Structure formats: structure tokens, C-alpha cells
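Trainee: One structure coming up, written as C-alpha cells, with questions to follow.
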Amino acid sequence: MRIEPVIPKPKKKRTLVSRRVAVIGGIGLVLLGVLFFRLWSLQIVTGDKYLAEANQNRTREVRVPAPRGRILDREGNVLVDNRTSMALQLDPIELPSETPERRELFTRIGEVIGKSPEWVRRKVRDEITGNPEGSPITLVQDVDDDIVYYLQEHQANFPEVQVNRIFVRKYPQGILAAHILGSIGEVTAEDLEENPEKDLAAGDTLGKTGIEQTYDDVLRGSPGDTRLQVDSTGRIVSQLPSTMPEPGDSVRLSLDQDVQAAGEASLQSIGLNGAFVAMDVNSGEVLGLASNPTFDPEIFTRPLTQKQVDDLYDEDLGAPLFDRAIGGQYAVGSIFKPITALAGLDAGLITPSTVINDTGTISIADQDFDNAGKQPHGPVDLRRSLEVSSDVYYYLLGADMNGTRQLQTWAGNFGLGKATGIDIPGESEGLVPTPKWLNEAHQEEPEYYDPWVIGQNIQFAIGQGYFQASPLQMAVAYAALGNGGNVLKPQLMLQTEDAAGRVVSETEPIVTGHAPIDPADRRVIMEGLNDAAQSPEGTSYQVFGGFPVKVAGKTGTAERTGEADQAWYAVLAPYPDPEIAVVVTVEEGGFGADTAAPVALQVLQAYFDKQAKPVSGGTGSVE
């Protein structure tokens, strides 16, 4: 039997079409798997996250500024308060990036607020420059109600525009105490960088000067958040749970409003640059402080024009923003003589009964030194030297103390030559000259400084030469003389109060130094100052001779190169146990009794609520 071999059948070859179908099917399966896992991931793994983000896209959070605390005087009278204002603002993030679209937006906004597109463009540019990224751009404050209603009705056409309620400072007492109160302004990028610990954000306000700056953390409060649900066009659908802002605490100052108003009005009536300071001699509380010319703090509640900025710093207008009371550095003239007298007594160079013959002129080191008008006063002891303001008496003391640090030491004892630490910014340190300082300055700038010679100490003895001090520093010095030697830190803040008026914190007197005044020496100097103010031969008798409250006062007339003499007056009242020290200066005011003393009288009349009567006679010397 023949067996036939089994021949396998050939496999059918897969066609090209079938291969393509297989590849495509495989790819499809892979893509389907990827899609499946992606959907699973989106829905199961990260679904909650994206749901939250979707909800967030429908929620707008608006930072709500807190109303700043008020600033009050010592009796609770309001010096600075708040008012609400509707501000038209642009969201910089929503501004079109393309120039044509942005121009079209500016045109539409301009039509609503009655401004040209170019005005809107410049305003946006100026607001963006220097401000933190994302800061709302305030175009107009105090927007009229009809504009507010129009924008609310057409919100879908103006998604970039917001009308927000903001707090603006108001000043019930007008310009009173403007230099003390200071101003606020919108935070800058530098503010945010320099104050990372503060809860600040773009669009917030910050104290920039004065009390507003020093106590900004107290006054500013804590902002809140308003959460709004909006649709795709930006229209508000509903309000969600929000956080209410917490108002700032109020600051009660030591200022006596009557004293402050009297000093300011008197300075302004003279029409010259000047300043005054009134201090409680036992606590350091500042009862009044002002600089003339002044300014209206209301101007800082709106964007300033360049001209307004220039005017505030214009020296031809008196640089109204400059606070001469704390920042002025001047020769003080004869109001420095009580300190020279104490230095001479301490050194043993004189006693209260030491008498010199004042002929009106004295020659020292081949140089003549004269009294005012070369007026002779004859035999004078310490008490009479202050009554008639004998320069010759103090020239001799200055010459005798040359080569020692006696004058410099006693000036330092009274806090001169350094900042007092008052709780507003802008204070100067003044200058107590020494031979070492002057000789080094001469070597560096010989065209501006002469080397130290005996004449420098002689000039220093009468508050002239290179010696410089501010009215505030001299008020601190006279307060120390009045209280027996305690150099006090001048303070404006009495206490802070919460929104309900409850006291949160209080200040206490701070002694920063002590002048070792012998009580007997102080008594003689106070007698001389009382004679200077209220005896017929005193230098300010014509001003204070008829004042019913006994005072101890000293005139001063300081020379200034290229300018008329500067007038000074320093007074303690009541004599012999004073409560208040007042120091006044008037640039180019001439003799101290002519312009500065009358201002001090107005301040004391307000403080004691008593009026001076006119006096006749009097033979006091002119200074």
C-alpha cells in the first residue's frame, strides 16, 4: 500500500489592508486607554481640585480697607476723622493689552466721567508708575451718584471698571496742627518691600508723615474681604460670606486746642516764617507746636498736581511742608544765656553776686564785642545781666571758659546737640560746636568754616556762632530749667483708644537726662528772667508787664548771614513754679520783644485764659 505524503496547505498571506486595520485598531485601543485613565484621573484623583478652581473662577474677592482711627486733642475734640467716598477705579489686570482696544476703553470711560481719552491715558500711566503691581488705578474720587448708577447698570460693558467705597481723611478743624497730624498715601512697591510684617496689599493706604506715620500701626486697623459671586460677564450674582474689617484705634494727643490755635493765628498774623512750641515742664506733654507757613492737609486726600507738590517745597513760598518747630536749625541768641550762666556758676567763675561794669563794648584778643546798639548797662550782677540782657557779661564768661568744655558740657546737660525723640518724624539734631569739630571742618572745607579761636567761644556764650538748635530743643531745655533739671522727652501721644472709646494704652513721662542745677543758682536765674519779663527795665516788659500771671521770660535776637535778625522768646509760667514752657522764633523778625514775645503772650493768654493789660513806661533795653 502506497502512502501519499501529506503536503501542508500554504498559509494565506495577510493583505496590506488587513495590516493597516490591525495597526489602527491597536492605536485606537491605546488612545482609548489613555483617555479612560485621563478621565478617571480628572474625575476621581483631581476632581475636587478642579471643582474648587471652577468655583473660584466664579468668585471675586475684594479687599475691604478698615476705617482708620481718629486723631483727637487732649479734650477729645476731633482733629482727623474719616468720610466715605465713591472712587472709580480700574483693574490693571483686566486692561486690554492691545493699544487699539485700550484706546477704545479710555474713550468710553472718558465719555462717562467727562474727560478726554488722553486724560484717562495719562492718569492710568501716572497711577501705574511706582505703584505695586496689581494696584487698583483710581481715576476719580467722590464720583457722582448718577455715574455710579450708570456703571452698575452697564457693568457688562465695563468689566475693567469698579466703583468702590473708600475712606478718606477729613479735618474738622481745618489747617490746625497740619504739621503734627501729617498725611496718608497709597502704598508703594517700596512700602511693601520694607514692611513685610505688615498686612499690606496693593491699593492700601499707609501713614506717610506726622502722627499718621508714627502711629500707623495703631490707626490703620485690619482689612476685611468681601466675596462676590459673578457670572461670565463679571456681573455680580450674589454676595458670599465675607470678613468684616476691624477699625483702627484712635490716638488722643496732648495738644491743647486753644493753645494750638492761638499760637498758629499769632504766627500767621505776623506773616513771616516762624514756629512755636509749648510744653508741660513736668511731663513733657506737647501742648502746642506749629510752623509758619503751613498748609491744608486736605490736599493730600486727592492726587496732587505737580504744581501743588512744587509749591509745598518752594522756598520762595516759605517751604510750607517744612516743620520749622522740630526741623529748623538756628542760632538762638540770648535765650541761651541762662545755660551759659549755669556753666559759669558750676565752673566757679562767677557767683550770683559777681559784678562787672558793662560799658556797652568790650575788647578781647584785639576784637571788639558790643551789646545790641552798644547800649551800656553799668554795674551788673547775674540777676541784672538777665534782666537787661547784658552781652558784655556773657562775652567775659565765654572768654573765661575758652579752652574748656564747660559750655559744651552744660549745653549737652540740657539735651542740646541731639534729637529730643519727639514722636513725629523730621527732627533735626542741632549742633553744639567744639574746637575739634570746627578745626576738622575747617581743614575739609576752609571756604565755609573758620578755625576755632577764642571768639568762637565768646559767640557760643550768647547763642551765636556755629551753635544751632530748634525751637523744640530750646523748649525742652527751658522745661528742664523750669522743673529743676529733668530733661524730658517731648511727647504728643497721650493715649490710644479703641472704637468704643476705651483706653488701650497710655504714655508716661520719660526722663532722658538731667542737668545738675544747684537750686540756689536756679532761683537767682529765675528771678533774673522774671525781672526781664515784668520789671520796668526788663527787655520784654512792654509785652508782659501787664500780664496778670507772673512769668520768667527771655528775649533773643540772633544774627543770620545775609538776612535780617531772627527774633526769639522763651518763657516759663507761672513764676516761680512753672507749669508750661513756651519758645517762639520768627525769622527776620528783628528784636525778640517785637515779634516773638507777642506770640508767646497769645499762647499764655490762651493757656491761662487771662488777658494782659497795656503798660506804659519801661526802660528795658532793646533785644
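Trainee: If residue 309 passes every condition in (1) without any contact (Cβ under 8 Å) to a residue 60 or more places away in the chain; (2) among the hydrophobic types (A, V, I, L, M, F, W, C); (3) closer than 17 Å to residue 459 by Cα; (4) assigned to a helix (DSSP H, G or I) but one, which one does it miss?
Mentor: Against the list (1) without any contact (Cβ under 8 Å) to a residue 60 or more places away in the chain; (2) among the hydrophobic types (A, V, I, L, M, F, W, C); (3) closer than 17 Å to residue 459 by Cα; (4) assigned to a helix (DSSP H, G or I), residue 309 comes up short only on (3).
Trainee: While we're looking at this one, here's another question. Read through the list (1) surrounded by 14 or more Cβ atoms within 10 Å (Cβ to Cβ); (2) among the aromatic types (Phe, Trp, Tyr); (3) out of contact with any strand residue (DSSP E or B) (no Cβ under 9 Å at 6 or more places or on another chain), then give the number of the only condition that residue 414 fails.
Mentor: Exception for residue 414: condition (3).
Trainee: Here's a follow-up. Restricting attention to helices (runs of 4 or more DSSP H) lying wholly within segment 182-292, give those where 3 or more residues are charged (D, E, K, R) and over 30 Å from residue 76 (Cα atoms).
Mentor: 189-194
Trainee: Given the condition assigned to a loop (DSSP other than H, G, I, E, B), in contact with a helix residue (DSSP H, G or I) (Cβ under 7 Å, 6 or more places away or on another chain), buried (at least 18 other Cβ atoms within 10 Å of the Cβ) and in the same structural domain as residue 533 (by TED's automatic domain parsing), answer yes or no: does some residue in segment 385-392 qualify?
Mentor: Looking through segment 385-392, at least one residue is assigned to a loop (DSSP other than H, G, I, E, B), in contact with a helix residue (DSSP H, G or I) (Cβ under 7 Å, 6 or more places away or on another chain), buried (at least 18 other Cβ atoms within 10 Å of the Cβ) and in the same structural domain as residue 533 (by TED's automatic domain parsing).
Trainee: Within segment 429-455, which residues are buried (at least 20 other Cβ atoms within 10 Å of the Cβ) and within 24 Å of residue 288 (Cα to Cα)?
Mentor: 430 - this is the single residue of segment 429-455 that is buried (at least 20 other Cβ atoms within 10 Å of the Cβ) and within 24 Å of residue 288 (Cα to Cα).
Trainee: Restricting attention to segment 555-582, which residues are closer than 17 Å to residue 324 by Cα, buried (at least 24 other Cβ atoms within 10 Å of the Cβ) and out of contact with any Ser or Thr (no Cβ under 9 Å at 6 or more places or on another chain)?
Mentor: Residue satisfying the conditions is 582 alone.
Trainee: Could you please tell me which pairs satisfy a Cβ distance under 9 Å, a separation of 6+ or placement on different chains, a first residue in segment 430-446 that is at positive phi, and a second residue that is of a type outside the set (A, V, I, L, M) and surrounded by 12 or more Cβ atoms within 10 Å (Cβ to Cβ)?
Mentor: 430/329; 430/330; 430/417; 430/418; 430/467; 430/468; 430/470; 430/473
Trainee: Looking at the structure I just gave you, is residue 373 farther than 22 Å from residue 344 by Cβ, at pLDDT 95 or above, surrounded by fewer than 24 Cβ atoms within 10 Å (Cβ to Cβ) and small (Gly, Ala, Ser)?
Mentor: Taking the combined requirement at face value, the residue does not satisfy it.
Trainee: Please work out which residue is surrounded by the most Cβ atoms within 10 Å (Cβ to Cβ), limiting yourself to segment 502-511 and to residues that are under 18 Å from residue 255 (Cα atoms) and touching a residue at least 12 places away in the same chain (Cβ under 8 Å).
Mentor: Once the filter is applied, the top-ranked residue is 507.
Trainee: Could you please tell me which pairs satisfy a Cβ distance under 8 Å, a separation of 6+ or placement on different chains, a first residue in segment 327-349 that is assigned by TED's automatic domain parsing to the domain that holds residue 478 and among the aromatic types (Phe, Trp, Tyr), and a second residue that is modelled with pLDDT under 95 and not in a loop (DSSP other than H, G, I, E, B)?
Mentor: Qualifying pairs under 8 Å: 330/560.
The values are calculated or read from the model by the stated rules, or taken from the named source; none is laboratory data. Not measured: the values here are computed from a predicted model. Cβ atoms come from the backbone with ideal geometry, glycine included; neighbour counts cover every protein chain shown.
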